[in-house]
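Heads up, the thing below is written out as structure tokens.
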Amino acid sequence: LDLTQVRSPRQLDEKKLQSVRGSVVDVDAKLTANGRHMTACLIDCGGGQYVRGVWFNQAFMLKRLQMGQHLLFSGKPKWHQGRWEFAHPTMQWLDADDEDASAGIITRYSLTEGLKMHEMRRMIRNAVESHAQHLPEHLPDKYRNQHGLPRLADALKLVHLPGSIAEYQHALNRLLFDDLIEFQLGIALRRRAWRRMGESPS
């Protein structure tokens, strides 16, 4: 989750791409004067500040929004009837741990029953900080520099503990590159084995 651009309602500017986060305190649906179905959601951003999200002709949103949910709204707000309003915002559902986190890049993982997100983050942080630097590098420095690839140990650390989306993407590109190299090597080795079998005397 990229929380670096999250603002409080008092910091919002009209028609600029921004994000806010808060807890759902009201959800309703109605027909507008021109016959469109409108679903609305009010989120409490703290400090007595509220932001509204609205969706037109998307009745299914009413089932997706529930009281008490922690949400991240992203979009271009406008000032409407004394309140900031996001029309059709991009939404992400947050855990309570995400809601309490300071602004930054927040990693999220698939969880098994009984394991909480903050526990998973703590375990991964400890593992990465203790062991990532011991990961052997198998690509020559010259080759990495030519292709703009970070060291494997650095990539592993930054994909879990990034300081920015750019760092995360740069690290992820290295890991994806390694997957591609492994796949290509597997194909090459298989082809060589097939050739040797074909050249073997019967």
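The values are calculated or read from the model by the stated rules, or taken from the named source; none is laboratory data. Model, not experiment: these values are computed from the prediction. Positions of Cβ are generated from backbone atoms using ideal geometry, with glycine treated the same way; all protein chains shown enter the neighbour counts. Surface areas here come from the heavy atoms of the whole protein model, side chains and all, with no ligands, DNA or RNA. Shrake-Rupley method; radii C 1.70, N 1.55, O 1.52, S 1.80 Å.
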Looking at the stretch 102-111, can you tell me whether even one residue there is touching a helix residue (DSSP H, G or I) at 6+ places or on another chain (Cβ under 8 Å) and either of a type in the set (Phe, Trp, Tyr) or within 22 Å of Arg36 (Cα to Cα) (or both)? yes
I need a count of the residues in the stretch 1-46 that are assigned to a loop (DSSP other than H, G, I, E, B) and open to solvent by 70 Å² or more (accessible area, probe 1.4 Å). 9
Here is a list of conditions, (1) open to solvent by less than 70 Å² (accessible area, probe 1.4 Å); (2) within 24 Å of Leu185 (Cα to Cα); (3) in contact with a Leu (Cβ under 9 Å, 6 or more places away or on another chain); (4) not aromatic (Phe, Trp, Tyr), and Pro136 meets all of them except one; can you say which number that is? (1)
Mind listing just one residue for me: the one in the stretch 55-68 that is open to solvent by less than 60 Å² (accessible area, probe 1.4 Å) and in contact with a Ser or Thr (Cβ under 7 Å, 6 or more places away or on another chain) and, of those, farthest from Val27 (Cα to Cα)? Gln58
Taking Ala171, is it free of Cβ contacts under 8 Å to residues at least 24 places away in the same chain, open to solvent by less than 50 Å² (accessible area, probe 1.4 Å) and small (Gly, Ala, Ser)? yes
When (1) closer than 30 Å to Gln69 by Cβ; (2) open to solvent by 80 Å² or more (accessible area, probe 1.4 Å) are applied to Asp141, the one that fails is (1)
Just to check your reading of the model, which residue among His147, His138, His131 is under 26 Å from the mean Cα position of the chain (by Cα) and touching a residue at least 12 places away in the same chain (Cβ under 8 Å)? His147
Would you pick out the residues in the stretch 59-95 that are in contact (Cβ under 8 Å) with a residue 40 or more places away in the chain, aliphatic (A, V, I, L, M) and in contact with a Gly (Cβ under 8 Å, 6 or more places away or on another chain)? Leu71
Collect the residues in the stretch 47-81 that are assigned to a helix (DSSP H, G or I) and either closer than 18 Å to Leu3 by Cα or touching a strand residue (DSSP E or B) at 6+ places or on another chain (Cβ under 9 Å) (or both), keeping them in residue-number order. Met61, Leu62, Arg64
Kindly evaluate Ile165 against the criterion of being in contact with an Asp or Glu (Cβ under 8 Å, 6 or more places away or on another chain) and open to solvent by 40 Å² or more (accessible area, probe 1.4 Å). yes
Selected residue [of a type in the set (Ser, Thr, Tyr) and within 22 Å of Leu1 (Cα to Cα)] from Ser164, Ser130: Ser164
State the number of residues belonging to the stretch 109-124 that are open to solvent by 50 Å² or more (accessible area, probe 1.4 Å) and more than 17 Å from the chain's Cα centre (by Cα). 7
